[in-house]
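**Q** My questions all concern the structure below.
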Amino acid sequence: MIHVFTGQTLPASEPQLATPDIRIRPPARHGDLFDTAIRPGDTVLIIDGLYHQTPALRHKEILAAIARGVHMTGAASIGALRAAELAPFGMLGIGSIYTSYARGEIHGDDEVAVGQAPDGEEESLTWPVVNLRHTLRLARAAGIVDGERAAGLLTELHAVYYPQRTTAAIRAVCRRRNETQFAQWLADQRRTDPHFGDLKRADALTAVRTALNNSAAPTGQTPRRPPVWDTAYYRRWSNTFAHDRVCGLDLPTEDRLIYQQVFDPAFPARWTAYLERRSLQPTDGAPGLPLRVRLAQVTGGLPAHRVFRPPVDLRDQTTLGLLLAGESEQDRQAVAHYARTLAHARHSRSGFQIAAVRDDLTRSLLQRMWHCPDPELDTEASARGLDCAARAVEKAKRLVPGLLDEMNQATKLTETAHD
């Protein structure tokens with residue numbers, strides 16, 4: 001399967017994309033490559049991406065996809081820039097824009113950046129610098145401008161902030177520089193061919209053809225993923241975008257784990273079992289040791305959960321099977337209800353954020369559920385894999401709206417029963 005991330009450069013209606021081998025996706029953003037539908041052996045072609053109005057796709061996300069056997073390709077827009085940056089790690093670049101980036105002839109994402117409508121429409125409303133530079137080359141070849149005038153026009157057009165570099169802005173710059181002949185020539189060419197000068201589009205079409213011809217896969221062995229990009233940041237992103245389809249419910253895996261950590265009275269034993277497994281099967285290649293042996297090497301009395309705090313990979317099914325062993329159907333229904341309540345709070349209360357949930361309220365709810373006084377909250381949180389009370393409060397805040405709603409519903413039922 002070829003996954004093509006496009007929008008502003010090449011619309012989804014492009015006939016060349018109408019093939020069963022291609023899955024059209026919107027411009028790439030942070031988290032998109034965690035989609036489980038992107039599998040080893042697939043090709044991902046990044047053309048367009050978002051980075052002004054939403055977090056951009058991270059380099060480490062691309063590297064991790066390469067490491068699991070996905071053929072990563074970039075062209076035309078932000079894909080060309082990322083391919084030039086990550087070519088040493090196995091990402092393939094296609095087209096003249098990629099070549100210019102790779103040779104150092106152009107720099108920065110402002111070369112390919114375009115403005116688009118704030119309502120989510122993906123059509124480009126402005127001209128990218130790479131297209132302007134290409135159009136000026138064509139104008140020089142046609143004898144419309146000479147080299148000095150073309151360079152002056154490009155410098156002034158480049159200085160226009162990219163969301164404002166519209167066709168009207170280009171005409172205004174031409175009038176200011178007395179380049180009306182170029183403006184008229186460009187308008188005539190665009191009337192004849194709406195895609196005239198669109199170098200990004202030409203590169204994107206070349207990349208699609210290359211992918212369809214099955215020649216876009218990087219040669220050689222797929223690089224193994226070194227620890228350098230398997231960082232705490234990458235793990236957090238990976239866990240955030242992990243979802244599971246369980247019993248007809250689409251549930252964030254992280255929410256399922258937090259629910260168990262907060263509500264399951266047996267979870268401390270499960271966390272200890274997880275620590276034992278990690279001690280016997282370290283991920284850094286070190287020899288495995290029983291947890292009690294490893295603990296004796298580093299401390300003289302502290303429990304394991306206060307000493308070892310390994311990260312959790314929520315995409316590892318063995319880990320999930322261990323930590324979610326006590327999860328029931330009722331628990332999953334509760335997680336779904338809490339997620340809906342949280343989404344409703346975000347949409348119905350302007351400016352609502354999870355961080356705005358009161359710390360003291362969350363802390364008191366944890367004390368109530370764990371049946372422990374405040375001084376013991378740190379120890380209980382650590383035993384549940386939540387590190388400390390402050391970390392537990394931070395994690396549990398996303399459950400508070402749903403828990404309060406649940407408690408309110410229970411109160412109403414009790415009052416009704418008494419009436």
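Read the figures in this text as sums done on the coordinates, not as results from a lab. What you see is a predicted model, and the numbers here were worked out from it, not measured in a lab. Neighbour counts are summed over all protein chains in view; Cβ atoms, including those assigned to glycine, are modelled from backbone coordinates with ideal geometry.
**Q** Determine the relative contact order of the chain: mean sequence separation of Cα pairs under 8 Å and six or more apart, normalised by residue count, in whole percent. All intermediate terms of the calculation are to be shown ahead of the outcome.
**A** On the way: 575 pairs, mean separation 51.5, N = 419.
Over the chain, the number comes to 12 percent.
**Q** I would also like to ask the following. Based only on Cα atoms, what mean projected area does the convex hull of the stretch 129-201 have, in nm²? List each step's numbers first, then the result.
**A** Working: hull surface 17.8 nm².
With every direction weighted equally, the projected area is 4.5 nm².
**Q** Taking N as the number of residues in the stretch 1-151, what is its Cα Rg relative to 2.2 N^0.38 Å? If you can, show how the numbers build up before the last one.
**A** Numbers: Rg = 16.3 Å, N = 151, 2.2 N^0.38 = 14.8 Å.
The value comes to 1.10.
**Q** Determine by what factor the alpha-carbon radius of gyration of the stretch 260-410 differs from 2.2 N^0.38 Å, reporting the quotient. Please list the in-between numbers first.
**A** Numbers: Rg = 17.3 Å, N = 151, 2.2 N^0.38 = 14.8 Å.
Taking N as the residue count of the stretch 260-410, the ratio is 1.17.
**Q** Against the longest alpha carbon principal axis of the chain, how many degrees, from 0 to 90 and to the nearest 10, is the axis of helix 267-280 turned?
**A** 60
**Q** Next up: Rounded to the nearest 500 deg cm²/dmol, what is the calculated helix-only ellipticity per residue at 222 nm for the chain, with -39500 (n - 2.57) per DSSP H run of length n ≥ 4?
**A** Values: 19 runs with 206 residues, N = 419.
One gets -15000 deg cm²/dmol as the mean residue ellipticity at 222 nm.
**Q** Another question, if that's okay. Which value, in debye to the nearest 20, gives the size of the charge dipole of the stretch 129-201 about its Cα centre, when Lys and Arg are +1 and Asp and Glu are -1 at the Cβ?
**A** Using only the charged Cβ atoms, the result is roughly 160 debye.
**Q** So, one more: Expressed as an acute angle from 0 to 90° and rounded to the nearest 10, what is the orientation of the C-alpha long axis of helix 147-158 relative to the principal long axis of the chain?
**A** 30
**Q** Could you state the angle between the C-alpha long axis of helix 199-212 and the longest principal axis of the C-alpha atoms of the chain, as a value from 0 to 90 degrees rounded to the nearest 10?
**A** Here the helix axis deviates by roughly 60 degrees.
**Q** Right, here's the next one. With both bridge residues required to lie in the chain, what share of the DSSP beta bridges run antiparallel, to the nearest 5%? Intermediate results must be reported in sequence, preceding the final value.
**A** Numbers: 5 of 21 bridges.
Percentage antiparallel, nearest 5: 25.
**Q** Let me ask something else about it. Over every pair of different alpha-carbon atoms in the chain, take the mean of 1/r and invert it; report that Kirkwood radius in Å. Can you show the working numbers first?
**A** Details: mean 1/r = 0.0396 Å⁻¹.
This gives a value of 25.3 Å.
**Q** Let me know the longest stretch in the chain that avoids all GluC sites (Glu not before Pro) found in a DSSP loop with at most 12 other C-beta atoms within 10 Å. Could you put the intermediate results ahead of the total?
**A** Working: sites that count: GLU105, GLU121, GLU123.
Here the longest run is 124-419.
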